[in-house]
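Here's the structure, in structure tokens; my notes come after.
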Amino acid sequence: MKQRIIFTLLSAALMAITVPGAAWAAQLCAADLNGNGDAADEGEMASCVTMAGGATQCPIQQTACVADAAGANSCPLGADHQCLVPAAGGTPTCSPVACIDTTLNPVDDELLVDDAGPDNDGPVDADGNCLGTIEIFGGRALRCRPPGASVTFQNCCKDRNKIVKDGMGGSISSITTKIAIAKGVFTGAKAAYLAFKAGATAGQAASVGANAIIVGLDPTSIAISLAINFMMEVLLQGCDQQDMETGMLRGSGMCHEVGTYCSSSILGICIQKARGHCCFNTKLGRIIQEQGRPQLSAFNAMGWGTPKQPYCRGFTAEEFQALDFSRMDLSQYYEEIEARAQSDIQIDMEEKVDAYLRTVNP
């Protein structure tokens, strides 16, 4: 028999549901229906419903009670489950999952770490020599959340096409642009999220985010129209700033997924999972990191870290020089460069610039 987990959750989305009687607004329930050890999957959590007499009942696996010859009702799920009459009347029902007041059992959320990554330009001495640690293909620790209680069972980890490009193949692309891409995405996602929280519509917030992204960036590096549609979708789904950023970079092939961990729990039971990633400025950076780390003993102990704390540092100059590129499979990157070069031949640069200007000044 599947293990049943009973707990409650104080969720903003669920609290918005109108339930008769303010006293029962925090009565929620959940159960591990698929036996995977948590209740973070769709259909495993619900708001309890008010029954006759002010009692509450969980709608999960709710079953009609059976009346005997004397008219007494009994629950077919077991004698320990109480039969209750719906508030509107009708056949009594019972549920194997109990309701608990969330005000007595607060949700435990993991602290979200905002990893800005290494600075692109650190301090230098009078001769221009770097005074800090040089990192080559350094990444940032990011997370996104699959369907669960905190995101009202929307998938904030869904790949959203190749919004962010490496910038290869365009005549106005540059190394500086490629370095700035991830920072630009962060700025845009943050601007959109803050605008949405301040009362902007999803469309207005997405436009704010898109404008923040394209400032100073090569228009061939960001698919603006896809970015706007993406931001509208994730804002309406309740995904946060880091969900948005990870979704852009992940769908663009720039992230290495480290694993899954629990980001929210109650009574020690997981109600929301998260996927930890190391995300890089370019797809090439991700590929070289994935295939270069196994060659270096410095990464033997740490590897990619843990899902909750990904280890995303770049290579030192000495480590990068020690890499054997002949042992790396870069075919997926070569194919992308070739395909992009073919398309760039067919698209005149003037059209790219015009498209950029239309986006900035609609």
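The values are calculated or read from the model by the stated rules, or taken from the named source; none is laboratory data. Keep in mind the model is a prediction, meaning the values are calculated, not measured. Here the Cβ is made from the backbone with ideal geometry for all residues, glycine too, and neighbour counts use every protein chain on show. When the accessible area is computed, the model is the full protein with side chains, heavy atoms only, and any ligands, DNA or RNA have been set aside. Shrake-Rupley method; radii C 1.70, N 1.55, O 1.52, S 1.80 Å.
In percent, what relative contact order does the stretch 276-334 have, based on Cα pairs under 8 Å that are 6 or more apart in sequence?
43
When all alpha-carbon pairs of the stretch 200-315 are counted, what percent fall beyond 19 Å?
Counting every Cα pair in the stretch 200-315, those more than 19 Å apart make up 57 percent.
Using the structure shown, select from LYS158/LYS283; LYS165/LYS197; LYS165/LYS308; LYS158/LYS273; LYS162/LYS190 the pairs with a Cα to Cα distance greater than 22 angstrom.
LYS165/LYS197; LYS165/LYS308
Pop out the ³J(HN,Hα) list for the stretch 85-93 in order, Karplus 6.51 cos²θ - 1.76 cosθ + 1.60 with θ = phi - 60°, rounded to Hz; leave Gly and Pro as x.
In residue order, the calculated couplings are 8, x, 4, 8, x, x, 6, x, 10 Hz.
So who's got an amide H within less than 5 Å of the one on GLY238, skipping anything under 5 residues away but keeping other chains? H placed 1.01 Å off N, in plane.
The list, which skips near neighbours in sequence, is empty: none.
So for MET248, MET232, MET45, what's the accessible-area order with a 1.4 Å probe, most first?
Greatest to least solvent exposure: MET232, MET45, MET248.
Out of residues 5 or more away from MET51 or on other chains, whose amide H comes under 5 Å of its own, with H placed 1.01 Å from N in the peptide plane?
Close amide H contacts, sequence-distant or interchain: THR56, GLN57.
Residues with amide H under 5 Å of GLN154's amide H, sequence separation 5 or more or different chain, H placed in the peptide plane at 1.01 Å from N; which?
Under 5 Å from the amide H of GLN154: GLY148.
Just read off the accessible area of SER265 with the full protein assembly in place, 1.4 Å probe, to the nearest 10 Å².
Its heavy atoms expose roughly 20 Å² to the probe.
Give the peptides 299-308, 255-264 in descending order of average Cβ contacts within 10 Å, highest first.
So the order, starting with the most tightly packed, is 255-264, 299-308.
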